[in-house]
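The structure appears right after this line, and notes come after that.
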Amino acid sequence: MATSVPLPQVLAREVEPEPRGWRAWVLTTDHKRIGIMYLVTTFVFFLMGGVEALLIRLQLGTPENTLLSPQTYNALFTMHGTTMVFLFVVPIMAGFGNYFLPLMIGARDMAFPKLNALSYWLLLSGGIVFYASLFFSPPEAGWTGYPPLSGENFSETGGVDAWIFLIHLTGLSSLLGSINFYATIANMRAPGMGWGRLPLFVWTLLVYSVLLILALPVVAAAVTMLLADRHWGTAFFDQNAGGDPILYQHLFWFFGHPEVYIMILPGFGIISEVLPVFSRKPIFGYKAVAAATAVIAFLSLIVWAHHMFTVPQPSIVLVFFMLASFLIAIPTGVKVFNWIATLWRGTVEYRTPLLFGCAFIAVFVAGGVTGVVLAIFPVDWALHDTYFVVAHFHYTLVGGAIFSIFAGIYYWFPKMTGRMLSEPLGKLSCAIMFVGFNLTFAIQHSIGLDGMPRRIYEYQDVGNLGLYNLISTIGAFVFGVGILITVINIVRSLRVGAVAGPDPWKGNTLEWFTTSPPPVNNFDAIPRIRSVEPMKDIRRQVERGTPPVHQPAEPAPEHSVVA
Amino acid sequence: MRSPARILIAALTASLLFPATAFADFFSPDDSSGSKNAEAIDTLYWIVFLMAMLILVGVWVALLYSMIKFRARRGAVPAQIRGNTRLEIGWTVGAALVLVVLAIVTFVMLDDIRNAPESGANGVDLQQVGQPTGTPNTESVPPSGRSLRIQVNGRQYVWHYTYPTDDDDQPFNNVFTYEELVVPVDTTVTLEIKAQDVVHSWWIPALGGKMDAVPGHTNWTWFKIPAEKAGQVFSGQCAELCGRNHANMLAHVRAVTPEEYEAFIDQRKREIEESNEEAAEQRERIENE
């Protein structure tokens, strides 16, 4: 049976050798190197955001704690939220996209390789500009930066400006990246890869790109107006001069809610790739899963004011946004049912990517149902801005993003490095993360129901608040240990991991058709695509003894790799 | 032999039931006894919560079952199923139906939560207490248009309350308090919520949902504390990040009988008059010097 693994058809002809050493990274336009730089950079930001989270939990571990000053505490949750959203989850999806999108559609690079490099460097500059504020005065207005609190009168120092420029720089990075993704997917698919044969991860990247293109200009406008209000005497959000603070909230959340789906849709895509491979079954209802992605994206653009149920609004507006938010549960539910149906009657192999995938489903569904609870605006009046909401969005984002990102790391690490990650360490990491995560956030629902608001640096020990918060803090550290085990696993496996070979999982998609790691030009010959699972077709052809049909090996000029 | 066993079983049942009732708070808003709208929100929460748990547990069971039942075994062959249109339409429609039910339940409950009822017979006489200037938002008052309208003003980091008085021509002499709001029981109290610096959020969990205080806007909510709650104090705190001391922007509502309320207003009026007179004397002294 081992013979059914096809030999990769790679020669890397007519490709200039890349420079060596640090110049190989700094000057590169190769989507794989850029992808790795994205992944490493964002993972470092993830660890920084994680340390900030642990400090927050440490402060809240006991009632009326004096460990951190209110100023430090406000800066920490602002930096934690901003880092996780703008410097980790959104760009790490672009990192996976950079590395795997061209491989999965059988392209030799992205459509605009130099633009791609620019995207990465803009992201890094955004992160540096933001974290540089640590040396003068970090922002304290929360990751949402509501005026008037973020205005010149209440945030005099430059922290908020650093935050605004982070939004601009990472936003520009994402915008250019999205244009690149879109152009690549639209134009550079392998012969025979129609829209109905596009891998589901690529589908989600397509929708991710469109959502970013639609939503980012709005937040860019909002923070530019804030910048002008702060420094140039305009009054967009100043109620005393005819402006309106609520305008900012509308603009921010018109971006902010699609942003939530920008963060989790590619995660959905990773899960839709991982589950079929490890249950040895095609994805259940490919068209429904792809269509649900598009429907979620559309609905995500018309639900933003459910973040604003407590600001002065007419009842009819509240009702509209409640019903629209309800609707989003339908395509999301469809996806979950399809994933479980994919496992159904398969042969489920308990490998680490699959376990992270199942942990994702379990956690994400919990965040989904509390989302419906919060969509009911009278109930939201009781729960808004409490720890119930904190628990809810960590269930969706840690469930939807982090668990799927870890599934992606374990699934694709062999392709990127040529080495396998340790399975026992991976399973241990998954188990500890799952326990730690639930320990941290399940109890936070009750903390919120007991009336504890978000973003307070101290609380009084009323009822069980002290105990619940202590449990949550312990859970956060357990969660941290789980993440640390994966970090150790990655560092260790880079040197001593088992050699992966081109296709260690018997994957379904084209990235497994080339060597691990792939050569600079990815493929010399690109097979004709006949189904959603081209690698299955190729394996079958090899078993029959007929070599796979290739396109002519001559790459078109726009596909060629320029070093 | 049997009776100790019975006692043991009874004790076990009791010990299981006790935390079950104690756990009601664990799963739902803590205290909603202060006003009918808070109670209605609590009821609505419970209905939605139970439906959500049912779905959640269902999905978890299906997930675990498929993971365990269909784990890879020697000789097992995966069924190459690509989909099932009927099943997929079925669960899409099923999900939609659940949401329709939720929407209907919400609309049924909404009236009790959003619309202010009339004051009760044991409440304060609203024709006596006067009204603040400005016409109320028609949505925020009971059908008769009569409620005790109190202005709540959020500022870093304290709540300021202005009570209605019968001498509206001198709004500066209106009775006011900080942090603690004193209200009569069995009276519909309408809050007109404003902010003067940054965004705050008014929230007393036992008296209903929170409402943001946004500079340049007037938000509103209402509550009506039952007569038997006279003497109780309901507490809450600002729920929207408003700066470094956000954690200590507290709010209390003290429920009193109508007589006590009138006495309280009279006393505050006297205090304000006295300090006004004192200020006038001081002015005179300074001018004469």
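Nothing in this text is a laboratory measurement; each read-out follows from the coordinates by a stated rule. This one's a predicted model, so the numbers in the text were calculated from it and none came from an experiment. In this analysis, Cβ positions are derived from the backbone assuming ideal geometry, glycine residues included, and neighbour counts consider all displayed protein chains.
Ranked for footprinting exposure by Cβ neighbours inside 10 Å, fewest first, B:LYS229, A:LYS114 give A:LYS114, B:LYS229. Each label was represented as a point 7 Å from its Cα along the Cα-to-Cβ direction; for B:ARG6 and A:ARG23 these points are 9.4 nm apart. Each residue in B:ILE47, A:ILE264 was given a count of other beta-carbon atoms within 10 angstrom of its own, and listing them fewest first yields B:ILE47, A:ILE264.
Only lysines eight or more places from B:LYS229 in sequence, or on another chain, were considered; those with a Cα closer than 20 Å are B:LYS36.
Listed from fewest to most Cβ neighbours within 10 Å, the set A:HIS394, B:HIS246, B:HIS252 follows the order B:HIS252, A:HIS394, B:HIS246.
Rg over Rh for the range A:439-547 works out to 1.32, both radii taken from alpha-carbon positions and Rh defined as the Kirkwood radius. Here is the list for the range A:477-520: trypsin sites (Lys or Arg not before Pro) lying in DSSP coil, each with at most 16 other C-beta atoms within 10 angstrom of its C-beta, are A:LYS506.
Within the range B:177-256, the GluC sites (Glu not before Pro) that combine a DSSP coil assignment with at most 15 other C-beta atoms in a 10 angstrom radius are B:GLU179. The GluC sites (Glu not before Pro) of the range A:67-173 that meet both conditions, a loop assignment by DSSP and at most 11 other Cβ atoms within 10 Å of the site Cβ, are A:GLU156.
Just to confirm a number: summing +1 for Lys and Arg and -1 for Asp and Glu over residues other than B:VAL214 whose beta-carbon lies under 14 angstrom from that of B:VAL214, what do you get?
Details: positive: B:ARG155, B:LYS194, B:LYS210; negative: A:ASP238, A:ASP244, A:ASP385, B:GLU192, B:ASP197, B:ASP212, B:GLU240.
Value of the local net charge: -4.
The Cα center of the range A:454-482 and the Cα center of the range A:230-278 differ in position by 28 Å. The mean of 1/r over all distinct Cα pairs in chain A, once inverted, gives the Kirkwood hydrodynamic radius of 24.4 Å. Rounded to the nearest 5, what % of the DSSP beta bridges within the protein assembly as shown are antiparallel ones? Close to 65 percent.
Peptides B:217-225, A:306-314 ranked from most to least packed by the mean count of surrounding Cβ atoms within 10 Å: B:217-225, A:306-314. Inter-chain neighbour count for B:62-69: the average number of beta-carbon atoms from partner chains within 10 Å of each residue's beta-carbon is 6. Structural descriptor for chain A: relative contact order 20 percent, calculated from alpha carbon pairs under 8 angstrom and at least 6 residues apart. Using the alpha-carbon atoms, what tilt in degrees (0 to 90, nearest 10) does helix A:70-82 show relative to the longest principal axis of chain A? Tilt of helix A:70-82: around 30 degrees. Report, ordered by chain and residue number, the lysines lying within cross-link reach of A:LYS536, taken as a straight Cα distance under 18 Å and ignoring same-chain residues fewer than 8 apart. The reachable lysines, counting only those whose Cα sits under 18 Å from A:LYS536, are A:LYS281, A:LYS415, A:LYS506. Kirkwood radius and radius of gyration were both taken over the C-alpha atoms of the range B:66-117, and their ratio Rg/Rh is 1.39.
Across the range B:126-288, counting alpha-carbon atoms alone, Rg and Dmax equal 16.5, 55 Å.
Electrostatic tally near A:GLN239: other residues with Cβ closer than 13 Å to its Cβ, Lys and Arg +1, Asp and Glu -1, net -3.
Helix A:31-60 axis versus longest C-alpha principal axis of chain A: approximately 30°, rounded to the nearest ten.
The long axis of helix B:258-288 is offset from the longest Cα principal axis of chain B by roughly 50 degrees.
Ordering A:PHE326, A:LEU470, B:TRP91 by the projection of their Cα atoms onto the charge dipole of the protein assembly as shown, which places +1 on the Cβ of Lys and Arg and -1 on the Cβ of Asp and Glu, puts B:TRP91 at the extreme positive end. Legend: Rg and Dmax of chain B, from Cα coordinates, 27.5, 108 Å.
Between B:ARG73 and A:VAL487, what's the calculated FRET efficiency when r is the beta-carbon distance and R0 is 35 Å? Round to 0.05.
Numbers: r = 34 Å, r/R0 = 0.96.
According to the calculation, E is roughly 0.55.
Within the same chain, aspartates and glutamates fewer than 8 places from A:LYS287 are excluded, and of the rest, those with a Cα less than 20 Å from its Cα are A:GLU273, A:GLU533, A:ASP537, B:GLU88. Shielding of peptide A:344-352 by partners, expressed as the average count of other chain Cβ atoms within 10 Å per residue Cβ, is 6. For A:PHE136 and B:GLN80, what is the calculated FRET efficiency with R₀ set at 60 Å and r taken between the beta-carbons, to the nearest 0.05? Efficiency at R0 = 60 Å is approximately 0.50.
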